[in-house]
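Colleague: Okay, handing you the structure first.
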Amino acid sequence: MKRLRQAINNSDISRFRFHFQLFAFGLLIYGGYLAIDFGSNYIPAFACPFVETRGGTCYLYPLQHQLNMPLSQLFSGRGIGLLTGFITFLLMFVLFNKAWCGFACPLGTVQDWITKLRNRFGIRYSTYSETVFSRQKNIKYVLLALLLLLSLGMSNSLFGMQKLSGDFSTSYCMICPGRTVLPLFTGDMSQLVIDFSSKTKTVLTGLGMAVTGLFFTGAFVKKRFFCLLCPMSALQYIFSKAGLLRLKKDGMKCTRCGNCYRVCDVGIREIADDLESTMIVQDDCMMCLKCVSACPEEGCLKATFLGLPVYEATEQGFFKRMGGRS
Amino acid sequence: MHTERFERVKKSTNLHFTMEADEALRKIEDFPSNPGAMGYFYDLFRSVYANGGSLTHKGTIIGTMCVQVPEELILAAGAVPFRLCNGAHAFDQAGAEFMPAKACSLARATVGMLHINRSVHKERLGMVVVPATCDQKRKAGELLREMGYNVYILEVPSSKNSEEARHYWQNSVKRFTAELQHLTGRKITKKSLGTAINLTNEARRQFRRLYNFRKISPPVVYGKDALLVSNAYFFDDKERWLQALTDLNNELELKALKGESVGNRHAPRILFTGSPPVFPHLKIPLLLEQSGAIVAADEVCSSTRMLYDAVAYDESALYDMIPSVADRYLKPCTCPFLVLNDDRRRRLKDMAGQFAIDGIVYQIFSGCHLYEMEQRTIAKTFADSGIPLLFLETDYSQEDTGQLSTRIEAFLESIKARKRRK
Ligand code: SF4
Ligand code: SF4
Ligand code: SF4
Ligand code: SF4
């Protein structure tokens with residue numbers, strides 16, 4: 001048992017993650033071919049239903065549909081649909097917490113591939129200044145709020161406004177890069193159009209096209225560019241504290257050497273500088289555990305599942321991974 | 001006339017220095033059951049200091065005045081890093097011509113040495129890198145430039161807590177990289193830097209092995225030996241040093257397995273901190289261990305602070321590796337030149353626990369305001385911990401030895417009495 005744990009702690013999490021992501025991508029994008037379908041299961045990652053052959057369903061899609069109901073029906077059958085949908089999402093999420101983003105979300109994986117490509121070309125990445133970073137943190141919550149309100153607004157008059165037209169149905173999906181990018185992997189380019197059937201749709205799908213362009217260029221210059229704006233990430237974070245998989249820190253053992261912050265793709269500074277929190281997952285964190293693998297202090301950072309350590313920072317593991325590189 | 005006088009001073013200073021070094025080595029070796037693998041280090045110091053500490057390396061040598069200089073970059077540019085920080089009283093006296101009597105011994109001795117032995121050093125040192133850390137080092141840099149050395153001032157932020165400070169430092173390191181390449185005419189590549197990082201990280205890995213052996217109680221190695229090993233890193237060929245330390249570690253590992261130990265089983269375990277002990281000025285650690293204590297851990301820039309942290313980078317490309325190297329020198333730094341130095345307090349506290357420390361000895365070189373001023377906060381940090389502290393203000397002369405030894409003995413007695421009561 002001790003040997004196994006040591007072997008795991010000595011392992012290269014990034015390599016494992018790369019392969020796991022590949023596997024998850026196959027499952028969630030092409031699973032349909034093998035009649036694998038988590039489809040009835042709503043998952044907390046962008047397994048987009050606009051992909052015909054998918055093996056799972058992004059929860060934001062049903063969520064937007066289910067919210068499109070008069071509030072008076074909240075306690076009727078439709079309300080129950082909303083509730084069970086939410087519960088499935090929550091159960092799936094709680095299991096792996098934000099590791100859905102680091103290990104399974106197809107859109108996250110695509111961004112990591114783009115990063116690899118950039119690195120191959122020897123082109124440097126850019127980073128945000130702290131002010132930009134903190135300002136842009138909020139965008140995903142705004143998107144999430146809009147997503148909820150616009151869905152509700154079609155069947156209810158909110159804030160004394162008129163009910164919105166049905167063209168706002170799954171309005172977030174219209175601007176989501178999941179819809180335009182992921183079907184490309186099955187050779188389906190049909191989403192790459194602007195829908196001129198109504199004014200609302202023209203604007204939304206036009207925005208969608210712009211977002212798609214931004215998605216590719218963004219991911220090329222900034223690691224996980226889109227994730228920092230993702231409303232799914234915002235929704236997840238609300239429940240992150242309940243996750244069974246956790247990222248923990250022991251501030252007493254931390255030397256603030258900054259290695260963890262150095263390697264973090266999304267630039268989470270707290271991972272190095274926060275010495276108080278023991279549950280250290282921040283809203284932009286994707287639980288890729290790169291920080292754990294870069295921490296040289298025994299047990300300072302660790303991932304736990306139901307309280308049991310699954311991957312832990314060790315001096316030996318650190319030097320093993322860092323030595324003999326390049 | 002003038003040169004004649006200088007030659008006389010030079011001769012006598014170097015003679016005094018050799019005697020001093022000899023005396024220190026004699027004391028260091030005068031302990032029972034020294035590890036066989038320490039022989040390499042004793043011989044190294046003897047051979048190097050018998051002829052005045054000459055620079056025998058091939059290629060361009062870059063002198064460094066502080067641990068803040070990123071040695072990976074120097075190595076990657078095909079040069080040899082050589083830490084100049086000096087610990088000799090003879091050179092301290094020679095430096096009195098340039099720096100005030102109230103300046104710190106270490107800075108003064110370094111300037112003195114570079115003055116006395118300027119003919120070789122000016123020829124052999126391609127550059128002297130002076131990080132703008134404490135006042136003494138900064139002004140020493142100006143003095144050296146006047147003496148005709150090719151001085152490079154490496155700008156360092158005075159705090160490490162903001163992102164701005166971090167970027168300022170990263171840019172400073174980038175400029176330094178360009179200067180190094182200019183000097184050696186060799187381009188730093190991702191391959192050469194990768195090799196340099198591997199080498200230094202391996203050195204730190206072995207250093208940490210030694211560091212961890214020092215946690216064992218009863219102790220398997222004396223602090224004086226550990227300090228000598230890290231002091232050797234200042235000037236020794238890195239690969240050779242690495243091999244010698246690996247041998248020492250392997251020997252200590254066996255020793256620990258067999259349950260062998262050095263000194264008294266119940267020797268008070270001391271954490272040494274403050275101004276850095278640099279050979280031959282290992283006065284206080286030696287006095288401690290001669291009086292039956294064990295210097296189980298140190299938090300000084302001539303040892304642990306120099307060799308504990310390793311570089312971690314993400315992408316194998318210069319744009320990521322160079323800032324990673326820069327981060328290694330700023331983020332974990334606990335030098336008191338930094339403002340808001342809570343990390344030093346935390347580090348000491350953590351070490352006191354990990355090494356089962358009985359008492360802390362805090363060396364302050366007369367004239368070093370920074371360490372002197374942090375004295376209060378460190379004392380406060382340990383106020384309720386039951387771990388006593390001893391502050392010792394000293395310099396490189398031997399005049400205070402008697403007085404120091406009395407205070408040290410009293411301190412150790414009180415620790416022993418406390419341990420007995422437990
Ligand atoms: S944050 Fe990134 S990885 Fe997570 S759900 Fe959104 S797109 Fe996917
Ligand atoms: S378009 Fe985006 S939000 Fe909508 S279902 Fe697809 S991935 Fe989810
Ligand atoms: S890598 Fe570990 S020790 Fe270093 S700052 Fe991060 S958590 Fe602290
Ligand atoms: S904080 Fe750690 S787990 Fe979270 S994204 Fe950054 S490196 Fe990954």
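Colleague: What number of residues within the range A:262-295 are over 19 Å from the mean Cα position of the chain (by Cα) and either facing another protein chain (nearest Cβ under 10 Å) or within 16 Å of ligand 1 (Cβ to nearest atom) (or both)?
Modeller: Looking only at that region, the number is 7.
Colleague: For the range B:32-41, does any single residue satisfy the condition of being under 17 Å from B:HIS281 (Cβ atoms) and either surrounded by fewer than 18 Cβ atoms within 10 Å (Cβ to Cβ) or without any contact (Cβ under 8 Å) to a residue 24 or more places away in the chain (or both)?
Modeller: Step one: filter the range B:32-41 for residues under 17 Å from B:HIS281 (Cβ atoms), giving B:41.
Right, trim to either surrounded by fewer than 18 Cβ atoms within 10 Å (Cβ to Cβ) or without any contact (Cβ under 8 Å) to a residue 24 or more places away in the chain (or both) and you get none.
No; the residues of the range B:32-41 include none that is under 17 Å from B:HIS281 (Cβ atoms) and either surrounded by fewer than 18 Cβ atoms within 10 Å (Cβ to Cβ) or without any contact (Cβ under 8 Å) to a residue 24 or more places away in the chain (or both).
Colleague: Further question on the same structure: Which members of the range B:302-346 meet the condition of being more than 18 Å from B:SER172 (Cβ to Cβ), part of a helix (DSSP H, G or I) and without any contact (Cβ under 8 Å) to a residue 40 or more places away in the chain?
Modeller: B:ASP342, B:ASP343, B:ARG345, B:ARG346
Colleague: In addition: Name the residues in the range B:221-261 that are in a loop (DSSP other than H, G, I, E, B) and either touching a Ser or Thr at 6+ places or on another chain (Cβ under 6 Å) or at positive phi (or both), would you? Explain how you work it out, then say what you get.
Modeller: First, the residues of the range B:221-261 that are in a loop (DSSP other than H, G, I, E, B): B:221-222, B:233-237, B:259-261.
If the condition is that a residue be in a loop (DSSP other than H, G, I, E, B) and either touching a Ser or Thr at 6+ places or on another chain (Cβ under 6 Å) or at positive phi (or both), then B:GLY259 is the only one that fits.
Colleague: Inspect the range B:174-193 for any residue being within 14 Å of chain A (Cβ to nearest Cβ), within 25 Å of the chain's Cα centre (by Cα) and closer than 30 Å to B:LEU257 by Cα and give the result as yes or no. I'd like the intermediate steps shown before the answer.
Modeller: Pass one, the range B:174-193, residues within 14 Å of chain A (Cβ to nearest Cβ): B:174, B:188-193.
Right, trim to within 25 Å of the chain's Cα centre (by Cα) and you get B:174, B:193.
Going one step further and asking which of them are closer than 30 Å to B:LEU257 by Cα, we end up with none.
No - not one qualifying residue is present in the range B:174-193.
Colleague: Separate question: Could you tell me how many of the residues in the range A:215-236 are within 16 Å of ligand 4 (Cβ to nearest atom) and among the hydrophobic types (A, V, I, L, M, F, W, C)? Give the steps one after another, and end with the answer.
Modeller: Initially, the range A:215-236 is screened for residues within 16 Å of ligand 4 (Cβ to nearest atom), giving A:219, A:222-230, A:232-234, A:236.
Within this subset, residues satisfying the condition of being among the hydrophobic types (A, V, I, L, M, F, W, C) are A:219, A:225-230, A:232, A:234.
Residues flagged as within 16 Å of ligand 4 (Cβ to nearest atom) and among the hydrophobic types (A, V, I, L, M, F, W, C) within the range A:215-236 amount to 9.
Colleague: I would also like to ask the following. Restricting the search to the range B:212-254, which residues are at pLDDT below 95 and more than 23 Å from the chain's Cα centre (by Cα)?
Modeller: Correct list: B:SER217, B:PRO218.
Colleague: When you scan the range A:200-222, how many residues do you find that are in a helix (DSSP H, G or I), more than 15 Å from ligand 2 (Cβ to nearest atom) and in contact (Cβ under 8 Å) with a residue 24 or more places away in the chain?
Modeller: The total comes to 5.
Colleague: Testing A:ARG17 on (1) closer than 18 Å to A:MET286 by Cβ; (2) surrounded by fewer than 18 Cβ atoms within 10 Å (Cβ to Cβ); (3) within 16 Å of the chain's Cα centre (by Cα), one condition comes back false. Which one is that?
Modeller: All conditions pass for A:ARG17, except number (2).
Colleague: Would you point out the residue of the range B:302-323, among those that are under 24 Å from B:PRO268 (Cβ atoms) and away from chain A (no Cβ under 13 Å), that is surrounded by the fewest Cβ atoms within 10 Å (Cβ to Cβ)? Reasoning before the result, please.
Modeller: At the first step, the residues of the range B:302-323 found to be under 24 Å from B:PRO268 (Cβ atoms) are B:302-305, B:308.
Right, trim to away from chain A (no Cβ under 13 Å) and you get B:302-303.
Details: B:SER302: 25, B:SER303: 29.
So, considering only residues that are under 24 Å from B:PRO268 (Cβ atoms) and away from chain A (no Cβ under 13 Å), the one surrounded by the fewest Cβ atoms within 10 Å (Cβ to Cβ) is B:SER302.
Colleague: Show the residue pairs that are 6+ apart or on different chains and have beta-carbon atoms under 8 Å apart, the first residue being within the range A:122-143 and more than 14 Å from every other protein chain (Cβ to nearest Cβ), the second being surrounded by 12 or more Cβ atoms within 10 Å (Cβ to Cβ) and of a type in the set (D, E, K, R).
Modeller: Note: pairs meeting the criteria are A:LYS137/A:ASP283; A:LYS137/A:ASP284; A:LYS140/A:ASP283.
Colleague: Does the range B:406-418 contain at least one residue that is surrounded by fewer than 17 Cβ atoms within 10 Å (Cβ to Cβ), over 15 Å from B:ALA293 (Cα atoms) and not acidic (Asp, Glu)?
Modeller: The answer is no, given that none of the residues of the range B:406-418 is surrounded by fewer than 17 Cβ atoms within 10 Å (Cβ to Cβ), over 15 Å from B:ALA293 (Cα atoms) and not acidic (Asp, Glu).
Colleague: Which condition does A:LEU308 not pass, out of (1) free of Cβ contacts under 8 Å to residues at least 12 places away in the same chain; (2) within 11 Å of ligand 4 (Cβ to nearest atom), if it passes all the others?
Modeller: For A:LEU308, the failing item is (2).
So that you can scan it fast, the table gives a plain yes or no per residue for (1) of a type in the set (A, V, I, L, M, F, W, C); (2) away from ligand 1 (no atom under 16 Å from the Cβ); (3) surrounded by 17 or more Cβ atoms within 10 Å (Cβ to Cβ); (4) over 15 Å from A:ASP283 (Cα atoms):
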site: A:PRO70; (1), (2), (3), (4): no, yes, no, yes
site: A:THR84; (1), (2), (3), (4): no, yes, no, yes
site: A:MET92; (1), (2), (3), (4): yes, no, yes, yes
site: A:ASN97; (1), (2), (3), (4): no, no, yes, no
site: A:ALA104; (1), (2), (3), (4): yes, no, yes, yes
site: A:ASP112; (1), (2), (3), (4): no, no, yes, yes
site: A:THR115; (1), (2), (3), (4): no, no, yes, yes
site: A:PHE133; (1), (2), (3), (4): yes, no, yes, no
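Colleague: Shifting gears a bit: Counting residues that are surrounded by 20 or more Cβ atoms within 10 Å (Cβ to Cβ) and at pLDDT 95 or above, which helices (runs of 4 or more DSSP H) fully inside the range A:223-305 reach at least 3? If you could, list the steps in order and put the result at the bottom.
Modeller: Numbers: elements: A:231-239, A:259-263, A:270-273, A:290-294.
By residue number, A:231-239, A:259-263, A:290-294.
Colleague: Regarding the range B:248-260, can at least one residue be identified that is farther than 16 Å from B:MET38 by Cβ, of a type outside the set (S, T, N, Q) and within 14 Å of chain A (Cβ to nearest Cβ)?
Modeller: No; the residues of the range B:248-260 include none that is farther than 16 Å from B:MET38 by Cβ, of a type outside the set (S, T, N, Q) and within 14 Å of chain A (Cβ to nearest Cβ).
The values are calculated or read from the model by the stated rules, or taken from the named source; none is laboratory data. The structure displayed is predicted, hence computed values, not measured ones. Counting neighbours? That spans all protein chains shown, and the Cβs are built from the backbone with ideal geometry, glycine included.
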